[in-house]
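Just so it is clear, none of the values below were taken in a lab; they were calculated from the coordinates. Note that the structure is a prediction, hence the values are computed from the model and not measured. Because the Cβ atoms are built from the backbone with ideal geometry, glycine has one as well, and the counts that use them run over all protein chains shown.
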Amino acid sequence: NITSAKNVDRVRERSSASTSITRTKVQFSKSSLDFINTQYEALKFQNANGGDLYLFPGFIVMINKMNNEFGLIDYREIKIEHHQQRFVENEGVPSDSNIVGQTWKYVNKNGSPDKRFKDNYQMPIALYYEINIETNKGLYESYHFSNSDQGEAFCNSLETYIRLLSKMNWKNEEKIDSE
């Protein structure tokens, strides 16, 4: 779960990264909620700095852990943006991730190691898959999937599902209007 981000002055900090982010490892799992009576388990997106998201077949539930309040989100209200993300990893690369390159802790503009720093070690560049989930009412959550291929497949399926839900509801509204 990406919990914060800030731009990096690459020249001043001698960094190959343009953005510095703070992440917290979270779990995706199947789960149910005791106040929703359904045969389906939700896909639970644990959230490090806010309410967990429970993706049910027809809606999303966001649970505020602090006060046990919840909100319902219609899939048609969310916008998702997703893409592959190269990430300079300084915390260890997960076992299901691909390493796509190397860089140095301190780099010159041309990518070579800055020899002015004595302890200038190599750092792996991992390929992750990023999803950003947003609503007009203030929800903004961002996640990195450690396995880029699985993350992309999930995001494409979710995007298709949302598009199909929108079309189904549009057809039902059209039918009602024409009667």
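If you place +1 on the Cβ of every Lys and Arg, -1 on the Cβ of every Asp and Glu, and leave all else neutral, what size is the dipole of the stretch 42-118 about its Cα centre, to the nearest 20 Debye?
With only Lys, Arg, Asp and Glu charged at Cβ, the dipole is about 600 debye.
Give me a comma-separated list of calculated 3J(HN,Hα) values for the stretch 49-62, in order, Karplus coefficients 6.51, -1.76, 1.60 applied at θ = phi - 60°, integers in Hz, x for any Gly or Pro.
10, x, x, 5, 9, 10, 8, 8, x, x, 6, 10, 10, 10
Suppose R0 equals 41 Å. What FRET efficiency, 1/(1 + (r/R0)^6) with r the Cβ-Cβ distance, do Asn108 and Asp34 give to the nearest 0.05?
Calculated value: 0.10.
Calculated FRET efficiency, Phe117 and Ile80, Cβ-Cβ r, R0 41 Å, to nearest 0.05?
That pair, Phe117 with Ile80, gives E of 0.55.
How large are Rg and Dmax for the stretch 13-112 when only the alpha carbon atoms are used, in Å?
For the stretch 13-112, the Cα radius of gyration and maximum Cα-Cα distance read 18.8, 58 Å.
For the stretch 22-37, take each phi angle, set θ = phi - 60°, evaluate the Karplus expression 6.51 cos²θ - 1.76 cosθ + 1.60, and give the result in whole Hz per residue in order, putting x for glycine and proline.
3J(HN,Hα) across the stretch 22-37, in whole Hz: 10, 10, 10, 5, 10, 10, 9, 8, 8, 7, 10, 10, 5, 9, 10, 8.
If every alpha-carbon in the stretch 55-101 counts as one equal scatterer, what log10 I(q)/I(0) does Debye give at q = 0.18, 0.30 1/Å?
Taken in order of the listed q values, log10 I(q)/I(0) reads -0.78, -1.15.
What is the set of long-range amide H partners of Gly101 at a cut-off below 5 Å, with H atoms built 1.01 Å from backbone N?
The list, which skips near neighbours in sequence, is Ile125.
Give me, ordered by chain and number, the residues 5 or more places off Asn147 or on other chains with an amide H under 5 Å from its own placed amide H.
none
Setting aside same-chain residues fewer than 8 positions from Lys167, which lysines have a Cα under 16 Å from its Cα?
Within the straight-line limit of under 16 Å, Lys167 reaches these lysines: Lys79, Lys175.
³J(HN,Hα) across the stretch 118-123 via Karplus (A = 6.51, B = -1.76, C = 1.60, θ = phi - 60°), whole Hz, x for Gly/Pro?
Karplus-based 3J(HN,Hα) across the stretch 118-123 equals 5, 9, 9, 9, 7, 10 Hz.
Which residues' amide hydrogens lie under 5 Å from the amide hydrogen of Tyr106, considering only partners 5 or more residues apart or on another chain, with H built in the peptide plane?
HN-HN under 5 Å from Tyr106: Asp114, Tyr121.
Suppose we look only past 21 Å in the calculated P(r) of the stretch 47-179. What percent of the Cα-Cα pairs does that tail hold?
I get 59 percent for the Cα pairs in the stretch 47-179 exceeding 21 Å.
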